[in-house]
Amino acid sequence: MSEAAPRSPRRAPVDRQRDPERTKAQLLEAAKSEFGAKGYAAARVSEIAAKAGVNKQLISYYFGGKEGLYNALTATMYDDYVAASEHDKPFAEVVRFFAQSGVRDHDLAKLFLWENLTDGAPDAIGVEGQRGFLQRQVDYVRARQAAGDFPADLDPEFLLLIFMAAASAGLALPRVVRAVTGQDPNSAEFAEAYGDQLARLVGHLATPRK
């Protein structure tokens, strides 16, 4: 009797052979595209997994499901915002950064708009956490006001709202941008020019140093 041919070792599924950190990064990048294009409610985990080139079960494995993936993604957005608003930076430069961020990371910027246009998305860092984050931004604006970046008779809370809205204009009002300026609101040229104009506007508000 001839000996049976030795069995070849079973290969683990492709997804299991991947570097976990790389797989999570791929899922986050794909999720940013899907959530940015459709918002939280309409986004599909199957589409995210397909874009990432992995089994959709890995979304549950690494993030606990759709909501966990969304929270992990949007938490990075808030981390970037915190890093951008350093207290030692001139306020004009912070406004310039936010005005240009929509072109630097179009999908993440659209995701931010979706969060505010719909009620279906979970709060990335919880209601209290989000409120705390925004209150820290108000404190930052107040500190820049004390440093003379703009007059004392302006309310820091409303100023934050004004400049957040202004920084989002290219993304929120693309047709208006095209009609008014003739430029592509998604272009680096528009982002640079618009960010510069907002920074100049903030600079004109600065209290003259004695």
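Structure data summary
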read-out: Theoretical gain in end-to-end length, R44 to A193 [0.36 nm per residue, Cα-Cα removed]; value: 50.0 nm
read-out: Contour excess over end-to-end distance, with Cα ends at Q57 and L113 and 0.36 nm allotted per residue; value: 17.3 nm
read-out: Per-residue ³J(HN,Hα) for the range 174-180, Karplus 6.51 cos²θ - 1.76 cosθ + 1.60, θ = phi - 60°, Hz, x for Gly and Pro; value: x, 5, 5, 4, 4, 5, 7
read-out: Estimated FRET transfer efficiency when R0 is 30 angstrom, pair L161-K89 (beta carbons, to 0.05); value: 0.90
read-out: Extreme residue, positive dipole direction of the range 124-199, given options A193, V141, A169 (C-beta unit charges); value: A169
read-out: Q183 versus D105: modelled label distance in nm, points set 7 Å from Cα along the beta carbon direction; value: 2.2 nm
read-out: 3J(HN,Hα) from dihedral phi, the range 49-61, Karplus parametrisation 6.51/-1.76/1.60, rounded to Hz, x for glycine, proline; value: 4, 5, 5, 7, x, 10, 5, 5, 5, 5, 5, 5, 5
read-out: Percent of Cα-Cα distances greater than 20 Å, calculated over the range 131-187; value: 42 percent
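Computed from the coordinates by the stated procedures, all read-outs in this text should not be read as laboratory data. All of these numbers come straight from a predicted model, not from anything done at the bench. So basically every Cβ, Gly included, is an ideal-geometry build from the backbone, and we count neighbours across all protein chains shown.
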